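K.L.:
Got a structure for you, questions after.
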Amino acid sequence: MTATTRLLTRPASPATRRIAKPWRTSAACRPLDLDLVFSDRSSDQAQVQGTCRACPVRARCLTDAVDYEKPQHRLYGVAGGLTPVQRGALRVHTLLGEYPDLGQARMLSAPRFAAVLHGWRGWPPNVIAEQLRRNGVIATAVTVRVALWWTGAKGSLLGSASAGDERLMWERVRDDHRQVVEDLLGLGLARRNVALFLGTSDEQVKSAVAAWRRQDKKTAARAAEVWAA
């Protein structure tokens, strides 16, 4: 037996045992019925998310859930304070190289910041991030989005239409989100998953994609006419 083996098999000190204590023992959802935690009903998920808002280990829970969930593995119900749809959107962010700072998201969703976020909850995360920057708080849009989810907000990338903006939802996708939609479709994501990532419906994205294709055909036809002239 080597010295290294003996070292690893010594009884842990009380301090070490406290450090190694599983984080799940501190989870706020422990007293909840498992059928509620793993439910796919939106009303049940909203109830569980309410419990998650006071959970001291929700960031660790979310990290473990996202690390576990792969194409062949999916968790039901709420984990880390997020629904399956929200966790799916977060995975798409990682495909784009965008990773939230969960410590900062927790700070932004704490009571003293949550009241501010509540007033901006209808804004897209990137707009909120810019507003925070003007007030001396540097946060990425994906970090803000997680904070919004943790406060119970929708956190849609589209946000609510601003005053005077009479465009339909699909027109806003068409005008403002072509690059990210095409990037994600190019990575092999289904259109439905792209829509969930944006916070809208598949039909809205479908209409936007069709509009881009029509516009591209018109542009190509005009170019051909110029070359033929």
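The values are calculated or read from the model by the stated rules, or taken from the named source; none is laboratory data. Quick caveat, the model's predicted, so the values are computed rather than measured. Every residue, glycine among them, receives a Cβ derived from its backbone with ideal geometry; neighbour counts consider all protein chains shown. Keep in mind that these areas ignore ligands, DNA and RNA; they rest on the heavy atoms of the full protein, side chains included. Shrake-Rupley method; radii C 1.70, N 1.55, O 1.52, S 1.80 Å.
K.L.:
Looking at the range 63-80, is at least one residue of a type in the set (G, A, S), part of a loop (DSSP other than H, G, I, E, B) and more than 14 Å from the chain's Cα centre (by Cα)?
P.N.:
Yes; the residues of the range 63-80 include at least one that is of a type in the set (G, A, S), part of a loop (DSSP other than H, G, I, E, B) and more than 14 Å from the chain's Cα centre (by Cα).
K.L.:
Select, from R91, R87, R112, the only residue that is outside any loop (DSSP other than H, G, I, E, B) and either under 10 Å from V146 (Cα atoms) or of a type in the set (F, W, Y) (or both).
P.N.:
R87
K.L.:
Residue under question is D183, and the condition is that it be without any contact (Cβ under 8 Å) to a residue 12 or more places away in the chain and of a type in the set (D, E); does it hold?
P.N.:
No.
K.L.:
Continuing with this model, one more query. Looking at V173, V137, V194, which is the one that is out of contact with any Lys or Arg (no Cβ under 9 Å at 6 or more places or on another chain), open to solvent by less than 50 Å² (accessible area, probe 1.4 Å) and assigned to a loop (DSSP other than H, G, I, E, B)?
P.N.:
V137
K.L.:
Looking at the range 152-170 only, could you name the residues that are surrounded by fewer than 17 Cβ atoms within 10 Å (Cβ to Cβ) and more than 27 Å from V78 (Cβ to Cβ)?
P.N.:
Answer for the range 152-170, where residues must be surrounded by fewer than 17 Cβ atoms within 10 Å (Cβ to Cβ) and more than 27 Å from V78 (Cβ to Cβ): A161, S162, A163, G164, D165, E166, R167, L168.
K.L.:
Would you check if there is a residue in the range 103-123 being more than 25 Å from T51 (Cβ to Cβ) and among the polar types (S, T, N, Q)?
P.N.:
No, the range 103-123 contains no residue that is more than 25 Å from T51 (Cβ to Cβ) and among the polar types (S, T, N, Q).
K.L.:
Output the number of the condition that D183 fails; it satisfies all remaining conditions of (1) open to solvent by 30 Å² or more (accessible area, probe 1.4 Å); (2) more than 23 Å from the chain's Cα centre (by Cα).
P.N.:
(2)
K.L.:
All but one of (1) hydrophobic (A, V, I, L, M, F, W, C); (2) within 23 Å of G97 (Cα to Cα); (3) outside any helix (DSSP H, G or I); (4) out of contact with any Pro (no Cβ under 8 Å at 6 or more places or on another chain) hold for A161, so report the exception by its number.
P.N.:
Among (1) hydrophobic (A, V, I, L, M, F, W, C); (2) within 23 Å of G97 (Cα to Cα); (3) outside any helix (DSSP H, G or I); (4) out of contact with any Pro (no Cβ under 8 Å at 6 or more places or on another chain), the lone unmet condition for A161 is (2).
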